[in-house]
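First up is the structure itself, then whatever we jot down about it.
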Amino acid sequence: MTTRATLPPSFLILLFTATILLASCHRNTSRLEQALSHAATNQGELESVLNHYKASPADTLKYRAACFLIENMFHGYSYTPIMDEYREAVFAAPTLFRYQHDTIWTELSAQPSVSRTGVSRFIYDSSVITADYLIENIDEAFDAWQNAPWHNEIAFEAFCKYILPYRASDEPLSNWRKDLRAKFLPAITDVKSSEAAFVSIYNKVLTEFKKSNNAYPYGIDALLADKIQHGSCDNRSMYLVNVLRALGIPAVYDHTPFWGNFNSTGHSWVSYVRNDSTFSLTHKEQTLKLFGTIDASRFYQKNHNYDINTFSYRVDSVKKVPKVFRSGYEVQQAHIDWLNRSKDEVPSFFKNIYRKDVSEQYGLFASREISTTHRSPIYLCAFAAGKDWQPIAVAQPRHGKVLFEHLNNELVYIACRYENDSLIPISSPFYVTDNHIVHEIIADKTTTETIRLTRKYVLTFHWTDRWSLFLNGRFEGSNKPDFSSKTILHEITELPTGVEQITFSNPGKYRYIRFVARKDADPNFAEFAFLGKKELTDATQQEINGKLIYHDIEEISIVRGMDKDNSTFFRITNTPGVPLKGYWFGYDLGSNPDAYITGVSFCPMSDQNMIEPGDLYELFYFQEGWVSLGEQTATTNCLSYNNVPRNALLWLKNKTKGKEERIFTYKDGKQIWW
């Protein structure tokens with residue numbers, strides 16, 4: 001989920017929440033009347049829509065649909081003038097090649113333009129929407145619904161919530177229904193059920209629409225998304241929901257604001273709804289599943305030539321959601337009532353009057369009751385990577401207890417009260433096991449231990465599979481340019497996981513030295529250096545350089561692995577974009593090499609969350625707050641900390657660089673990520 005340069009959601013939610021709350025406090029009016037009043041000078045357009053359908057008894061349902069849209073119309077979007085120019089330029093391009101839309105943006109944004117002066121401004125739908133736009137949307141939605149083979153399966157209430165809305169999220173408005181229906185209807189001409197139609201369109205869109213971080217920092221509308229076919233998971237979810245609804249298929253835009261055991265960017269996806277139950281699907285699956293796998297939440301071990309049990313940390317395969325929310329069109333009246341009653345400060349996350357907690361529909365059934373003497377609302381928090389505890393749910397204490405329901409198993413939460421813009425813990429961190437047992441994580445300061453740390457962030461199969469490509473790679477020395485006679489200096493038999501320092505057991509002097517990947521592998525180096533000594537008795541090794549030698553690969557790519565920067569890497573290719581397997585490269589050290597080749601230092605391409613020599617780290621444990629165990633500058637790819645309380649929840653920060661940091665416990669010599 002990417003960040004867009006629009007007004008923050010908390011700001012716009014505050015605006016229309018305040019509008020609703022003030023209206024409900026000062027006069028006893030219906031929400032339809034409040035919405036019409038909120039439209040201000042545009043009220044006449046909305047009234048025209050109501051009058052249009054009120055005139056004919058045959059349009060009774062359409063009138064009710066219009067009322068539904070208008071009485072919930074406190075939505076809006078951010079308008080940025082430059083996006084108009086960008087949109088025109090994209091649609092003017094006869095053919096849009098891969099990433100050409102980014103090139104268009106780069107060129108456009110570099111040009112001065114009077115129309116671009118100023119910043120984005122927030123526009124309420126009700127203040128600009130026209131009667132013609134709303135009438136066309138309603139008529140098109142009804143036509144898609146009533147002419148679908150599954151029409152009788154979808155009740156009017158479900159139609160209003162999951163097909164009728166003219167927006168899926170906070171995207172700019174566009175006339176998308178007719179165009180998207182015309183484009184995708186041929187793909188489901190012979191499909192007779194809404195479930196099968198959902199699966200077909202879902203897989204088609206996910207195949208064609210490429211996930212990427214686009215160059216432009218602003219929101220896009222559904223038709224622009226259809227044109228460029230690239231974007232964030234937010235862009236893709238918005239687009240897919242609108243495509244499905246254009247075809248009369250009920251669809252919802254669900255999301256988690258951050259992963260509970262992974263990164264802090266969160267994720268959005270699209271699901272199918274039937275009889276108030278949610279069915280999910282992952283790409284290329286053919287069956288919708290109740291409590292199914294959430295999109296992009298699984299890592300699979302594809303290479304099986306390594307054993308994860310040998311690592312000093314757990315390798316995780318599932319990204320877990322702390323809660324699941326639905327970005328719907330309908331105002332959540334119960335939440336408005338709670339906001340009206342609340343006399344306390346409320347975190348901005350809870351001022352969204354459209355967000356609905358649907359965690360139960362994704363199989364989150366864990367719960368925890370906590371005792372408290374506080375009467376103000378208590379907030380359940382989960383840990384967001386690099387950001388500390390973040391509120392994810394709220395409950396009101398009753399009779400000295402507060403109950404949180406629909407939590408995920410094996411995920412760490414903590415209960416807090418909110419005061420002066422700060423979260424103050426009222427419980428220990430805890431998780432609920434798969435068999436519904438609550439486990440509290442409490443540091444035991446009476447018993448300490450020494451721990452060895454090699455990472456600051458969760459490790460997944462995404463990386464270990466890449467690193468397994470180094471296995472059975474060889475370092476060779478020879479005095480013949482074709483290596484027809486050679487010495488194997490070292491073969492990689494253990495999975496590299498960070499900055500590796502290898503000392504050869506049989507050092508020697510060679511004119512030619514090289515690395516050879518195994519025949520079926522194309523490992524990517526972030527850094528690489530042969531090491532040597534003038535004399536074997538020398539205390540330190542020096543980096544050995546010579547003339548690069550290689551076969552069928554690009555020298556410029558290799559150089560990126562020798563720039564002293566672990567964030568860059570080289571990918572070996574013999575044709576653009578095609579990885580070369582079984583490659584080799586090395587050095588010609590000249591006819592009279594003056595040093596013994598004694599070892600090698602290398603770092604695989606990685607997420608840079610391993611311990612890096614030279615970086616400054618600080619370790620914390622949790623006890624009513626984060627308590628420092630001191631700072632260390634790493635000298636190797638491992639940190640050692642003494643006097644660490646047993647059973648503590650820990651957090652290792654890299655104070656030199658990077659934000660990806662996750663909490664962990666330490667057991668049996670391994671970091672266990674949470």
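Odds and ends about this structure:
- Sorting 222-231, 584-593 by their mean Cβ neighbour count within 10 Å, with the most densely packed peptide first, gives 222-231, 584-593.
- FRET efficiency, 1/(1 + (r/R0)^6) with R0 35 Å, evaluated for S376 and Y99 via beta carbons: 0.10
- Per-residue ellipticity at 222 nm, computed for the chain from helices alone with -39500 (n - 2.57) per DSSP H run of at least four residues, works out to -7000 deg cm²/dmol.
- Pairwise centroid distance, computed over Cα atoms, of segment 213-230 with segment 328-405, Å: 33
- Along the axis of the charge dipole computed for the chain (Cβ charges of +1 for Lys and Arg, -1 for Asp and Glu, origin at the Cα centre), the listed residues S591, V559, Q43 are led at the positive end by S591.
- Summed over the residues of the chain and divided among them, the accessible surface reaches 45 Å² per residue at a probe radius of 1.4 Å.
- Förster radius 60 Å - calculated FRET efficiency between L536 and S628 (Cβ-Cβ, nearest 0.05): 0.85
- C-alpha center-to-center spacing [segment 461-496, segment 543-583] in angstrom: 15
- Modelled FRET efficiency - R0 22 Å, K655 with R452, Cβ distances, 0.05 increments: 0.70
- Percent accessible area from carbon and sulfur atoms, segment 444-528, protein chains only, probe 1.4 Å: 43
- Ordering 159-166, 575-582, 521-528 by mean Cβ neighbour count within 10 Å, with the highest value first, yields 159-166, 521-528, 575-582.
- For the chain, hydrophobic long helices are taken as DSSP H runs at least 20 Å long by C-alpha position along their axis with mean Kyte-Doolittle hydropathy of 0.0 or more; these are 9-26, 194-208.
- Carbon + sulfur, % of accessible area of segment 254-315 - ligands and nucleic acids excluded, 1.4 Å: 47
- Accessible surface of segment 612-665 [probe 1.4 Å, protein heavy atoms]: carbon and sulfur percent: 44
- Each label was represented as a point 7 Å from its Cα along the Cα-to-Cβ direction; for S127 and N642 these points are 6.4 nm apart.
- Computed accessible area, T635, all protein chains, 1.4 angstrom probe, square angstrom: 120
- Sites listed here are chymotrypsin sites (Phe, Trp or Tyr not before Pro) in segment 202-306 whose DSSP assignment is loop and whose Cβ has at most 12 other Cβ atoms within 10 Å: Y300.
- Segment 588-646-segment 308-324 distance, computed between alpha-carbon centres (Å): 22
- Charge dipole (debye, nearest 20) of the chain; +1 at Cβ of Lys and Arg, -1 at Cβ of Asp and Glu: 660
The values are calculated or read from the model by the stated rules, or taken from the named source; none is laboratory data. Remember, predicted model here, so these are calculated numbers, not experimental data. Heads up, the Cβs are rebuilt from the backbone with ideal geometry, glycines too, and the neighbour counts pull from every protein chain shown. When the accessible area is computed, the model is the full protein with side chains, heavy atoms only, and any ligands, DNA or RNA have been set aside. Shrake-Rupley method; radii C 1.70, N 1.55, O 1.52, S 1.80 Å.
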